[in-house]
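Accompanying notes for the structure given below.
The values are calculated or read from the model by the stated rules, or taken from the named source; none is laboratory data. This structure is a prediction, so every number in the text was calculated from the model and none was measured. Cβ coordinates were reconstructed from backbone atoms using ideal geometry, including for glycine residues, and neighbour counts include every protein chain displayed.
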Amino acid sequence: MACVEKRPRPEYIRDPGIARRMFLAYLRLLLAFLLWLALSFVQPGKMPKAMPQYRLIRSVGFRSHLATVALAFLAVVNGDSRAAGETGELAKAAFERKDYPTALRVWRQLADQGDLDAQLGVAVIYADGLGVARDYVQAARWFRSAAERGSARAQFNLATMQFHGQGVPQSYAAAAHLYRRAAEQGHAGAQFNLGNMHAEGRGVPLDSHSAMRLYRLAADQGHSAAQAALGAGYLKGDGVPQDDAAAVQWTTRAADQGNIIAQFNLGIMFAGGRGVAQDWGQAFKWYRQAAEQGYALAQSSLALLYAEGNGTAKDVVQALMWLNLAATRGDARAASTRQGLLKSMSDTQIAESQRLTREWKPLSAR
């Protein structure tokens, strides 16, 4: 009689430990489903708090991201605003640990019910393409929903999308309107951007006085770009009375925060003795800080200090390196100055400068 070969039992069955874990997993899934059914029929007025529900769902084996999504569903179905708020916090925690799919699923359920923070969260995920394909149309939709309810942050972001035509038709007028709504609520970024639009006459009348007023509002909140713009206005007397001391004050505040335009402008002030005593060492310091961040005008100005030995030891190798970097960033002055410097350098010096140019990286990439 022929023998029938018996196939070995599958590994997950032969191993009692694996079989037991699978059985428990299915049991937990069944218990979670039954728990969901039970909670779904609770009356809204008798709905227990969200966090106890979350812990209960977790206790029967649901992982935290599944429990969060289940809790969001229950909060929405039962209309529990307290549960929705606590669920929103769980979604925020998921976002902060970069679990974007969970954050999106939870926020989307809450956003559909009008939760403002959730609408903002969904918009940010779509705008930045976090865990999903970037979708400016969806981002604009959710920013608009939040903006219509008075969110300054949403108004600012939607205005920026209108300005650039991202997900919505490009419109400077619409952008200015939204920036103004956010600016009136004290949003520093909106105040600065609306100031820029007045300074350039985009979507609003060209008005340097309004620009400086808006810059001042943002600058008082510590907005570095606004501080730099305000300092430049005082330096030139554009929209405000010319005042070198005020120019130095506001420019220094911005430069201390790392604003490259302010650092460059402060270098100019020290080099020319505008509002401060002339100090080549300080000019070198501020030009260098802006140059290290990749600002072409600062790089070419720093190169001249190296070439002439002002504020630092004369070093034609460093001078050529900074001119090379500035020229690659489109500074025409650097390209013409470089030709004159090359005539006074040896082949060895040129080769060393070229090596330094190739190896240089901006401060942010080091």
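General remarks:
- Conditions (1) within 19 Å of ASN265 (Cα to Cα); (2) not in a helix (DSSP H, G or I); number of the one not met by ALA313: (1)
- Checking each residue in segment 232-269 for being of a type in the set (Gly, Ala, Ser) and assigned to a helix (DSSP H, G or I) picks out ALA232, GLY233, ALA245, ALA246, ALA247, ALA254, ALA255, ALA262, GLY267.
- Residue count, segment 103-117 (criterion: outside any helix (DSSP H, G or I) and small (Gly, Ala, Ser)): 1
- When the residues of segment 347-366 are filtered to those that are of a type in the set (Gly, Ala, Ser) and under 10 Å from VAL317 (Cβ atoms), the one that is surrounded by the most Cβ atoms within 10 Å (Cβ to Cβ) is SER353.
- All told, TYR295 falls short of being over 29 Å from the mean Cα position of the chain (by Cα) and of a type in the set (Phe, Trp, Tyr).
- Each residue in segment 151-201 was checked for being touching a Leu at 6+ places or on another chain (Cβ under 7 Å) and either of a type in the set (Val, Ile, Thr) or more than 24 Å from ASP220 (Cβ to Cβ) (or both), and 2 of them qualify.
- Flag if TRP280 is of a type in the set (Phe, Trp, Tyr) and either assigned by TED's automatic domain parsing to the domain that holds ALA332 or buried (at least 21 other Cβ atoms within 10 Å of the Cβ) (or both): no
- Elements of the type helices (runs of 4 or more DSSP H) sitting completely within segment 132-226 and holding at least 1 residues that are among the basic types (Lys, Arg) and modelled with pLDDT of 95 or more: these cover 136-148, 152-164, 172-183, 208-219.
- Answer residue from segment 137-176, given it is aromatic (Phe, Trp, Tyr) and more than 20 Å from ASP115 (Cα to Cα) and is surrounded by the most Cβ atoms within 10 Å (Cβ to Cβ) among those: PHE163
- Entry remark, segment 331-355: residues being under 36 Å from the mean Cα position of the chain (by Cα) and among the small types (Gly, Ala, Ser) number 4 in total.
- Complete set of residues in segment 318-329 that are in a helix (DSSP H, G or I) and under 32 Å from the mean Cα position of the chain (by Cα): MET321, TRP322, LEU323, ASN324, LEU325, ALA326, ALA327, THR328
- Test: residue in segment 330-348 that is among the polar types (S, T, N, Q), over 24 Å from GLY272 (Cα atoms) and not in a helix (DSSP H, G or I): yes
For every residue, the table says whether it meets (1) within 21 Å of LYS285 (Cα to Cα); (2) touching a strand residue (DSSP E or B) at 6+ places or on another chain (Cβ under 6 Å); (3) at pLDDT 95 or above; (4) surrounded by fewer than 18 Cβ atoms within 10 Å (Cβ to Cβ).
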{"residue": "LEU302", "(1), (2), (3), (4)": "yes, no, yes, no"}
{"residue": "ALA307", "(1), (2), (3), (4)": "yes, no, yes, no"}
{"residue": "ALA313", "(1), (2), (3), (4)": "yes, no, yes, yes"}
{"residue": "GLN318", "(1), (2), (3), (4)": "yes, no, yes, no"}
{"residue": "TRP322", "(1), (2), (3), (4)": "yes, no, yes, no"}
{"residue": "LEU325", "(1), (2), (3), (4)": "yes, no, yes, no"}
{"residue": "ALA332", "(1), (2), (3), (4)": "no, no, no, yes"}
{"residue": "ARG338", "(1), (2), (3), (4)": "no, no, no, no"}
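- Among the residues making up segment 114-131, those that are over 23 Å from PRO169 (Cα atoms) and surrounded by 14 or more Cβ atoms within 10 Å (Cβ to Cβ) are ASP115, LEU116, ASP117, ALA118, LEU130, GLY131.
- The set of residues in segment 241-275 being among the hydroxyl-bearing types (Ser, Thr, Tyr) and without any contact (Cβ under 8 Å) to a residue 24 or more places away in the chain consists of THR252 alone.
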